[in-house]
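The values are calculated or read from the model by the stated rules, or taken from the named source; none is laboratory data. The structure presented is a predicted model; accordingly, all values stated were derived computationally and were not measured. As a convention, Cβ positions derive from the backbone with ideal geometry for all residues, glycine included, and neighbour counts pool all protein chains shown. SASA here: full protein model, heavy atoms, side chains in, ligands and nucleic acids out. Shrake-Rupley method; radii C 1.70, N 1.55, O 1.52, S 1.80 Å.
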Amino acid sequence: MNLRIGQPHQNGTHGAPPQPGGASTLRSAAPQPARPVTIFPDEAPRTSWRVLAYELDRFLLGGTPVRRMVNVLLWLVALLWAPGWLPGGRVVSLVAVLLVIANWLLWARLRRQDFVSFTEKAPPEVTPEMMPVADKIAIHATGQFSVEGKYRRFTWLPGFYRTFATGEHAVLCLVRGRRFLRVARWPQDEVGMWYVFFMPRDILRIRWGRLRFGRQDSLALAIDYNMTIPSEDPHKPDRSWPETLYLAVESEADGRRILADLHFDVTAGT
């Protein structure tokens, strides 16, 4: 992951309006403090079949995920070769059907795992300490995200972890618009910022280990927490269920800071 801080372009000076009596002077505009430009970490490179499987499940071709288009082509092959007139006959048709079934089973399993695998390890000893409100740590997050009443699952999404003064934890991530083979594109309604928010009381368990997404193998934290969706009907209760949020970090130091921040909630009795 890379976190780069840039500086916005400065336009220099501006002329002042004419002064009374016809005299005109030039003065420099009041210097403005340069604000850092936040650069989000990069996406995972497409260097493994698991990353490719995730992207084929998300990229759209004519409004349909590429994965489904592959299945459609396999079904067409099965139908065309079923009568036995074409070379290979019914054997080709049978192989195509088996590939459709294998395709469905594979993606069903991968989606249940959010396309990642987590190996738990013994956590390090840390001193509970709340992160400064202004601080943020670059991460790649995997789990259930939301924005403006919409909910989506994402894998290895680049973003930042931070904690607000209220104690609420936040993961702020960015979905970039991308293309696949110049013909398929990421869903436009998903491009932009997505978030995960949870309070200390929502945390069920914190695990330390390694997260693997294709060839990406990173130190990570797995945060099991209760996710709640407020009911739009005042007569019906809110919906709540356990979720797992994976945070892959750039370094052990970053992981320890997040772990210490999360454990601060426990020791503070919140």
| Using a 1.4 Å probe, what is the accessible area per residue for region 117-269, in Å²? | 51 Å²
| query | Can you tell me the accessible area per residue over region 49-113, all protein chains present, probe 1.4 angstrom, in square angstrom? | reply | 62 Å²
| request: Return the inverse of the average 1/r over all pairs of distinct C-alpha atoms in region 49-113, which is the Kirkwood hydrodynamic radius, in Å to one decimal. | output: 12.6 Å
| Extension gain Ala165-Ser251, at 0.36 nm per residue separation less the Cα-Cα distance, in nm? | 28.5 nm
| In nm, to one decimal, how far is the Ala122 label point from the Lys150 one, both placed 7 Å along Cα→Cβ? | 4.6 nm
